[in-house]
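Below: one structure, written as structure tokens.
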Amino acid sequence: MGSAPGMSSGVPVVAAVPEGAGVPQVAAAPEGAAVSAPASAPRPANDTEPVSGPQYAATLRHGDAPEREQELVDPLVLGEAAMGRAAPKWKSAKSAPEEEELAFAPGDVFHGYVAGRRFASGGFGCLYDAVHPASPHQLYVIKVLKKRFRDPEYRTIQLKLVAEGELVRSTQQPFLVPVHACGFDDRVGAFVIMDKLDGETLLAVMTAQRRQNATFDPAVVVKMAITLAAHLHTMHRAGATHRDIKPGNIFIVKTADGSWELRIIDWGCAKSNHSPHTTLEEFALGTVAYMPREQILKQSASGAIDLYALAIIMIEMLWRHPFMEDDEVDGQGLRERQLC
């Protein structure tokens, strides 16, 4: 899963951690998070009138936020830095966000789901809101690749997206996002259809904390670490290594009874029995700020790299990033940039 499912704003930090947390209150989600507008909110000027009635209207409450665009980092730059050479400035593989053609128009029907607006874009794919006539109150996400990655030369990337869906469907763990369909379509190529989560990413919560000069209760960090480590252990025993554990891929979900649970999302970089490769890939996969040396140099794809990333996250929650200043990590987007 490159980019994360949509989130609702206004989730208080004190509620976005396991029960018993003593985390300072933050009034609202950070800038840039998807905002749930009231049902009476005016439509954007460029919005298209939906053609699917009240079912599609429900998607607009979660889909009116501007898209989020990830950038990619040149893997050679990271390789030089990891081998102890003079660390150059981080470089992006893209100088500016590209104009991406929409895969769906609002109201298009795709495998029985009514597509809504595109609400997020990542390095390789895009996410669209969707609803289904059989469950109009449940929101879904359709994940597809950007148009240029649908060409035959990017067959491995296409297979990885489908492998992500097959991995989640085969394991059926409660800490994963339920996947309802995945495969190849003549119109959009590789796709995955999954639930849309209600909550915040840990990245959003951490960003709000930093802006408030607040820190996490150590007891909360320990509980989260134990929970996430147990989830990762389950996947490792099933033969899957995530390879892109970071705050943006840890989702804090509000459940029906008002409690909160953790989900590990975006398994698009995962190595598993469903992966198109059975050996290490030609390029390192992962996100800069959470990759150990062995991962950058393609020396390991074991579960240990997930635990390393989890340790970095826990240190960040208690203090700061151990190897990078916050202004460096935030200013250059190193918490989200992926190697490819």
Q.
Between LYS246, LYS254, which is closer than 30 Å to PHE104 by Cβ, surrounded by fewer than 20 Cβ atoms within 10 Å (Cβ to Cβ), basic (Lys, Arg) and touching a strand residue (DSSP E or B) at 6+ places or on another chain (Cβ under 8 Å)?
A. LYS254
Q) Looking at the range 191-210, which of its residues are farther than 16 Å from ILE264 by Cα and charged (D, E, K, R)? A) ARG210
Q.
LEU139 - would you say it is touching a Lys or Arg at 6+ places or on another chain (Cβ under 7 Å), part of a strand (DSSP E or B) and not β-branched (Val, Ile, Thr)?
A. yes
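Assess whether LEU145 counts as being out of contact with any Gly (no Cβ under 7 Å at 6 or more places or on another chain), surrounded by 17 or more Cβ atoms within 10 Å (Cβ to Cβ), at pLDDT 95 or above and of a type outside the set (Val, Ile, Thr). If you could, list the steps in order and put the result at the bottom.
On the way: out of contact with any Gly (no Cβ under 7 Å at 6 or more places or on another chain): no; surrounded by 17 or more Cβ atoms within 10 Å (Cβ to Cβ): yes; at pLDDT 95 or above: yes; of a type outside the set (Val, Ile, Thr): yes.
Here the answer is no, as LEU145 does not meet what is asked.
Could you tell me which residue of the range 241-259 is modelled with the highest pLDDT, considering only residues that are over 24 Å from ALA304 (Cα atoms) and part of a strand (DSSP E or B)? Let's see the steps before the verdict.
Applying the first criterion (over 24 Å from ALA304 (Cα atoms)) to the range 241-259 yields 253-259.
Next, from what is left, pick out any that are part of a strand (DSSP E or B): 253-254.
Values: VAL253: 92, LYS254: 81.
The selected residue is VAL253.
Per-residue answers, yes or no, for (1) β-branched (Val, Ile, Thr); (2) touching a Phe, Trp or Tyr at 6+ places or on another chain (Cβ under 8 Å); (3) farther than 21 Å from ILE157 by Cβ; (4) without any contact (Cβ under 8 Å) to a residue 24 or more places away in the chain:
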| position | (1), (2), (3), (4) |
| --- | --- |
| HIS231 | no, yes, yes, no |
| ARG243 | no, no, no, no |
| ASN249 | no, no, no, no |
| ASP257 | no, no, yes, yes |
Q: Being buried (at least 22 other Cβ atoms within 10 Å of the Cβ) and within 20 Å of HIS233 (Cα to Cα) is the filter; apply it to the range 287-300 and report the residue that is modelled with the highest pLDDT.
A: TYR290
Q | Tally of residues being in contact with a Phe, Trp or Tyr (Cβ under 7 Å, 6 or more places away or on another chain) and closer than 16 Å to CYS269 by Cβ across the range 127-157 | A | 4
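Assess whether ARG211 counts as being of a type in the set (D, E, K, R) and out of contact with any Pro (no Cβ under 9 Å at 6 or more places or on another chain).
Details: of a type in the set (D, E, K, R): yes; out of contact with any Pro (no Cβ under 9 Å at 6 or more places or on another chain): no.
Answer is no for this residue.
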(Q) Of the conditions (1) surrounded by 21 or more Cβ atoms within 10 Å (Cβ to Cβ); (2) within 28 Å of ASP217 (Cβ to Cβ); (3) modelled with pLDDT under 95; (4) not polar (S, T, N, Q), ASP326 satisfies every one except a single condition; which number is it? (A) (1)
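The values are calculated or read from the model by the stated rules, or taken from the named source; none is laboratory data. The structure displayed is predicted, hence computed values, not measured ones. Don't worry about glycine lacking a Cβ; one is built from the backbone with ideal geometry, like all the others, and counts go over all protein chains shown.
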